[in-house]
Amino acid sequence: IRKVLVIGAGQFGRALALGLVEGGADVSVLDPREDRIAVLSSRISQAIIGSGTDVRVLRGLDVETFDQVVNAIGEESLEASIVCTQLLRELGAKEVIARVVSDLHKRIVESLGATRTIHPEEHTAKTLARRIARPELRSELELAEGARLLELALPEKWIGKTLADVDLRKRYGVTVVAVRTGSEGGRRLVPSPSPEDPLVRGDELMVVGPKDGMDRVLKELG
């Protein structure tokens, strides 16, 4: 089992952490905001309140014992993202994967020792053809061990049904890890949604699972 530390539990970091858990990884998450950590605490191995720029916190986590450390701070603070990357390398982290928001950001963190970078916005161009062919596919991200994270627009035929009714886990071996819901001016992400809550028009589902299962879901929606 791979041990992964995710630093930053914003929308991207939270979805990534839950996706890694579903993929079988042993996941720990660090974030300074207690509300973010509280949402994840029951789903992951360790949920730690603290800053990714605090060397004492990082040293206490023994970052060198993780197979991968993902710096998911991203656009929330470029300075914090850069400092975090540098500290992780200085403390001996084996593999540092940094989320970046621009080419300059990418060059800086790579110069500081990031072994891989993730630029979620670039996936838009790479998946444009799939999204044109499949309007229900809002975004797509490759995860570890062949798993994929998809964000899907709720199809018409699922409106009014519950996740228990749809039962994607039983039918396709994939899991809905979050639902984006609400009106345009007040949309929110609901992690670990209740299987009994009805789905409403405009909802978007964040689904994680193996590629073959995802392909079967898309085939049903197509």
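The values are calculated or read from the model by the stated rules, or taken from the named source; none is laboratory data. Remember, it's a predicted structure, so these values are computed and weren't measured experimentally. Note: ideal-geometry Cβ built from the backbone for every residue, glycine included; neighbour counts use all protein chains shown.
Go through the range 38-73 residue by residue and tally those that are over 20 Å from E90 (Cα atoms), in a helix (DSSP H, G or I) and either acidic (D, E) or touching a residue at least 12 places away in the same chain (Cβ under 8 Å) (or both).
Matching residues across the range 38-73 total 2.
Could you list all residues from the range 8-37 that are more than 8 Å from the chain's Cα centre (by Cα), part of a helix (DSSP H, G or I) and more than 19 Å from G209 (Cβ to Cβ)?
E34, D35, R36, I37, listed by residue number.
If you go through the range 49-83 one residue at a time, how many are farther than 17 Å from F12 by Cα and among the hydrophobic types (A, V, I, L, M, F, W, C)?
Result for the range 49-83: 9.
Filter the range 194-203 for residues that are among the charged types (D, E, K, R) and either free of Cβ contacts under 8 Å to residues at least 24 places away in the same chain or within 14 Å of V166 (Cβ to Cβ) (or both) and give the result.
Within the range 194-203, E196, D197, D203 qualify.
Considering only the range 90-99, I want to know if a residue exists there that is in a loop (DSSP other than H, G, I, E, B) and either modelled with pLDDT under 90 or within 20 Å of R180 (Cα to Cα) (or both).
no
Can you tell me which residue is surrounded by the most Cβ atoms within 10 Å (Cβ to Cβ) among those in the range 60-78 that are more than 16 Å from R116 (Cα to Cα) and at pLDDT below 90?
Here the answer is L78.
Give the residues of the range 158-187 that are aliphatic (A, V, I, L, M) and not in a helix (DSSP H, G or I), sorted by residue number.
If the condition is that a residue be aliphatic (A, V, I, L, M) and not in a helix (DSSP H, G or I), then I159, V174, V176, V177, A178, V179 are the ones that fit.
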